[in-house]
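Just so it is clear, none of the values below were taken in a lab; they were calculated from the coordinates. Just so you know, these numbers come straight off a predicted model, no measurement behind them.
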Amino acid sequence: MSNYEEIATRIADIIISPDSVLGFVHGALSVPVDLGYMAYGVFDTDSHYAHETQTIRIIHAIKNRILNYDRILDAIKTVFEKFDKYVSESKQNKIYSRSLFSIIGRTATNSVISAKIATAIAQRAGLAVTVRGGLVGNLLLIGGMKERCIRTSEALSIDEPEIYGELRKKDYDLLYFMFEPALKPFVDALIVRRQQGMLAFDNILERVESKLSGSHGVN
């Protein structure tokens, strides 16, 4: 688990400049990473049956248009909503009033960040499918990508079961691997809250507020 300072720095960076996470999104949909997961899946024979069941769920999710832009956007917003659930309104106001989006408010800020990440995923996903020579509907069924999709979902169910449960309601956990690198600091903060309590979580938020204040020259 990252330390408080590192988590706070990454959260502040995203709030200040959502574009800073786009590189992580592109990296999340890379061919070398997929190949690594595919090799892992081949040798991990104990998980084959469980992953066959998950593959069936992926197929149904694809049929239900899980890869549509609006579904990806909704999934990302779900994570932000879970994060904001544990941030008091006064604390949210303090944090977002010191961001570049202070003029439009915290709800709109989350929407702006979510939209940028979702757009990057949609664009990159289109490129990834072109490179693999497949169709959009086959994106989550391509060897290594499917394996990464399943394993990232499984890891989230252990690390942050509350977010997993909320995403799982609409099969959004199957999309999590796409935006996990971009939203990791927010999820890490929630893991700290679950494992170490609200005081630790608030400590991170105080550091975020301080960093945002410093970025705008506020003492």
Next on the checklist: Can you classify the stretch 145-219 as rounded, prolate or oblate using the Cα gyration tensor, where a ≥ b ≥ c are the square roots of its eigenvalues, rounded means a/c under 1.5, and otherwise it's prolate if a/b beats b/c and oblate if not?
Outcome noted: prolate
Item to check | Candidate lysines - alpha carbon under 24 Å from residue 169, same-chain residues fewer than 8 apart omitted | outcome: 63, 77, 82, 85, 116, 146, 184
